[in-house]
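The values are calculated or read from the model by the stated rules, or taken from the named source; none is laboratory data. Values in this document were obtained by computation on a predicted structure and should not be read as measured data. We place every Cβ from the backbone using ideal geometry, glycine too, and count neighbours over all the protein chains shown.
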Amino acid sequence: MTKSGRALSVEPALAALNAAGEETRLRLLGLLAETELTVSEAVAILGQSQPRVSRHLKLLVEAGLVERRREGAWAFFRLASANLAGEIARSVVSWLDPLDPLLAGDRARLAEVRQARADNAARYFAEHAGEWDAIRSLHAPEAQVEAAIRDAVGDKPLRCLLDLGAGTGRMLELFAPQAERAIGVDLSSAMLAVARGRLEEAGARNVLLRQGDMYALPIERNSCDLVIVHQVLHYLDDPGRALREAARALAPGGRLLVVDFAPHQEELLRDSHAHRRLGFSRQEIASLLEQAGLEVLQHRDLAPSAQDGAKDGAKLTVSLWLARDPRIVTDPLPQSRYEAA
């Protein structure tokens, strides 16, 4: 019997256990429990040949322990999330001793892979901070997108606004005037430098900018009534983790707005602009928001039209998701604080 209360028959249970019962495949399950990986990343971590790693991944997929997700020219692998074999995979991983030298070595190399991803994005941001707004011209007109964002947020006063992946500070520039205080977090000091200049020019005196990690926010829990994640998730190796961290910053009844691209095939954005994901489907983000404990209120797609001057394949659809913390508001929002830098 699995944790969900459902049961597997003998044949699929044996297939799942047999697939897990081999050293390399067991190591792969441990890695994929941490994050999704491409074949090349798994090869770098395990130190084995590409054909060998591909064969083991194929067996894990066939047994239902792992999911394979094709995205453009890349394929990503992760533990299965929607079937009983996936529950077996997570149980098997939970039995493993994290201090085992072989597994500890895998995790150390996984940390290097994840750091390389972050370094790649950081280099891009440092090189292109001044061009960031121009890159956004690839999608539907910015005025149309910002109007939709304003509609979603509304015009009610905000106690505390948090902008994650603040970039050049445009979201803060838009909404800081209706907030008592606004906080922008970005990993890139170069991007924050651009944002500071922009916000100073706009006269936004209630904004605090801090360099920080979206996976470990230096923000007090339950302190914000609006969190915005604008065109950030496609750079991340673990969007779900970032959304869970964002949700923890929400006060009861607080809202989380996600703005990102719908699925597309613009490989150039991955190859030249450090995008890890080529957009997100409506259900994918909705599912991640629900897993973060939030209630999805609305979804909207903004597709470019001929009137916008869009060329075939040259522009992208922008999607918006608005979610809410379902807890009932019983006390005033606490003051938002940053931990000491």
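In a residue-by-residue description of segment 205-222, the property of being charged (D, E, K, R), crowded, with 21+ Cβ neighbours inside 10 Å and more than 19 Å from ASP325 (Cβ to Cβ) applies to no position.
Among the residues of segment 177-189, just one is in contact with an Asp or Glu (Cβ under 9 Å, 6 or more places away or on another chain) and in a helix (DSSP H, G or I), namely GLN178.
Identify all residues within segment 220-235 that are in a helix (DSSP H, G or I) and hydrophobic (A, V, I, L, M, F, W, C); write none if there are none. If you could, list the steps in order and put the result at the bottom.
Here is the first cut: in segment 220-235, the residues in a helix (DSSP H, G or I) are 233-235.
Selection gives LEU233 alone.
Residue-level analysis places ALA242 outside the set of residues that are among the aliphatic types (A, V, I, L, M) and surrounded by fewer than 18 Cβ atoms within 10 Å (Cβ to Cβ).
Quick grid of which residues meet (1) in the same structural domain as HIS299 (by TED's automatic domain parsing); (2) outside any helix (DSSP H, G or I); (3) at pLDDT 95 or above:
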| position | (1), (2), (3) |
| --- | --- |
| ARG123 | no, no, no |
| ILE149 | yes, no, yes |
| ALA166 | yes, yes, no |
| MET191 | yes, no, no |
| ARG196 | yes, no, no |
| LEU199 | yes, no, no |
| ARG205 | yes, yes, no |
| ARG210 | yes, yes, no |
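Any residue at all in segment 72-84 that is assigned to a helix (DSSP H, G or I) and of a type in the set (A, V, I, L, M)?
Kept after step one, since they are assigned to a helix (DSSP H, G or I), are these residues of segment 72-84: 84.
Subset that is of a type in the set (A, V, I, L, M): 84.
Yes, the conditions are met somewhere in segment 72-84.
Can you work out which of the residues in segment 40-52 that are surrounded by 17 or more Cβ atoms within 10 Å (Cβ to Cβ) and without any contact (Cβ under 8 Å) to a residue 60 or more places away in the chain is nearest to LEU103 (Cα to Cα)?
ALA42
Looking at LYS311, LYS315, which one is under 24 Å from the mean Cα position of the chain (by Cα) and either outside the structural domain of PRO252 (by TED's automatic domain parsing) or modelled with pLDDT under 95 (or both)? So that I can check it myself, show each step before the final result.
Working: LYS311 fails: under 24 Å from the mean Cα position of the chain (by Cα).
Step by step, each of LYS311, LYS315 is checked, and only LYS315 is under 24 Å from the mean Cα position of the chain (by Cα) and either outside the structural domain of PRO252 (by TED's automatic domain parsing) or modelled with pLDDT under 95 (or both).
Only residues that are within 12 Å of GLY240 (Cα to Cα) and part of a helix (DSSP H, G or I) were counted in segment 281-298, giving 8. Please pick out the residue among ARG27, ARG55 that is at pLDDT 95 or above, surrounded by 18 or more Cβ atoms within 10 Å (Cβ to Cβ) and out of contact with any Pro (no Cβ under 6 Å at 6 or more places or on another chain). Of the residues listed, the single one that is at pLDDT 95 or above, surrounded by 18 or more Cβ atoms within 10 Å (Cβ to Cβ) and out of contact with any Pro (no Cβ under 6 Å at 6 or more places or on another chain) is ARG27.
Scanning segment 174-185 for any residue that is closer than 23 Å to HIS128 by Cα, among the charged types (D, E, K, R) and without any contact (Cβ under 8 Å) to a residue 40 or more places away in the chain turns up nothing. Note on segment 58-100: residues that are of a type in the set (Gly, Ala, Ser) and modelled with pLDDT of 90 or more total 5.
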